[in-house]
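All remarks here apply to the structure that follows.
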Amino acid sequence: MRTLIRWAAQLYPQAWRERFAGEFDALLEDISPSFGDLCDVLRGVLRARLSPPVHPAQAVVASSSLILRGPVVVSLTAHAFLIVVVLTAAVHYATPILPPSYSAPLPPPAPEPPPLVTDARVFPNAWTLYSTLPLVPTEKDAPPMHVAEGVGINFIALPDIGTLYRWGNSEWRVWPGQALERFIVRRVLPEYPRDTATTGATSVFVEYLIRRDGTVKVLRSAGPTSFTKAARRAIEQWTYRPLEFEDRRCQVVSRVEVRFDGELVQNDVP
Amino acid sequence: MSDPTILILASLAEGDKHGYAIMEDILAFAGIRLGPGTLYGAIARMEERGWIRAVKSEARRQPYRITAEGSAELKRQLALFGQVVRTGNRRLKEA
């Protein structure tokens, strides 16, 4: 589909291609284009070919070629559209759509116990408390373990690696958090929000997207506002190595529970 | 609210973004996914009108920045929407 859209983008006027072709191509690398996107690009081609420019000075130059080229462009685009429809139907007929394969291997076990990155008192029995990475403090001069006090991260059970996840027109892959551990490059732990009067344990749930370049964007979160803000701020600083599923770089969705225990924090802060 | 112009201006009001970041941001705050043709059609026209401008970048992904004219246009459109929302709400209560 990406190739078809690139081909359709060749129908844009030359001036448009000279100005936008590079970044448009980069955008296509970032998204998972659908048939709807192809139609959208073809509509964009038509608009670019037929709409008059905003500035009158440019209109003078453009109008003469518009009259001559308009019908030709419409005809070419209509033919291109028909060819695309026929090709897409033929491809789907020849290769029926199968459910995605869930056979991606799980990461191998860590060779030795990795360092503790969250406060073990928060989630006493979860093996997901541990990471192969050193802790990155959120405050410059804070001791490394300070931000972990009273804060724990638990990876939520999710479907198998690679399960399709749809949001609007986007299609992403699900990847359980513990399996993502071997891809993580940078982790920042949430800091306990000092401006809250809440005591005891508070959990927030965060769903996040790992983009193709490994950076993270939080999609949604649930929980008290000051705690979700702290969790979102930290998680959006996480970085992963680019992820691949079935030999293709993909965008991945995962979920974590971040638990803040106010009593543990208050006991340790002077 | 599906006008790509106001959505893109609202997205860039937060800071400079490239095409993909604009798409993702709009999906997050408005639940609308702009297609690549719609996005770059709007970007081309908005740049021509002087509402946004490309920021110098070495990367293939070209970031854009909202201009003073763009901010004024966004304010104008938001004021219009605000008026429509207030009128609609008032009439719903009256009905």
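The values are calculated or read from the model by the stated rules, or taken from the named source; none is laboratory data. On a predicted model such as this, the values are computed, not experimentally measured, just so you know. Note: ideal-geometry Cβ built from the backbone for every residue, glycine included; neighbour counts use all protein chains shown. Each accessible area value is taken on the protein alone, full model and side chains, heavy atoms only, with ligands, DNA and RNA left out. Shrake-Rupley method; radii C 1.70, N 1.55, O 1.52, S 1.80 Å.
For this structure, a couple of remarks:
- The eigenvalues of the Cα gyration tensor, multiplied by 5 and square-rooted, give the stretch A:1-44 an equivalent ellipsoid with semi-axes of 16, 12, 7 Å from largest to smallest.
- Normalised by 2.2 N^0.38 Å, where N is the number of residues, the C-alpha radius of gyration of chain B stands at 1.20.
- Within the same chain, aspartates and glutamates fewer than 8 places from B:Lys75 are excluded, and of the rest, those with a Cα less than 16 Å from its Cα are B:Asp3, B:Glu14.
- Listed by chain and number, the lysines whose C-alpha is less than 17 Å from the C-alpha of A:Lys217, apart from same-chain residues fewer than 8 away, are A:Lys229, B:Lys17.
- Convex hull volume per residue in cubic angstrom - Cα atoms of the stretch A:189-270: 91 Å³
- Computed E for A:Gln14/A:Asp195 - FRET, C-beta separation, R0 45 angstrom, nearest 0.05: 0.20
- Cα-based Rg / Dmax (Å) for the stretch B:1-55: 10.0, 27
- Summed buried accessible surface, chains B and A, 1.4 Å probe, nearest 100 Å²: 2400 Å²
- Rounded percent of accessible protein surface that carbon and sulfur make up, the stretch A:164-270, 1.4 Å probe: 43 percent
- R0 of 35 Å, Cβ-Cβ distance A:Arg186-A:Ser51: FRET efficiency to nearest 0.05: 0.20
- Label zone at B:Glu94 (point 7 Å along Cα-to-Cβ), backbone N below 15 Å, the stretch B:58-84: B:84
- Theoretical FRET efficiency, 1/(1+(r/R0)^6), r = Cβ-Cβ of B:Arg49 and B:Ala13, R0 22 Å, to 0.05: 0.85
- Between the Cα long axis of helix B:19-30 and the first principal axis of chain B there is an angle of about 20°, rounded to the nearest 10.
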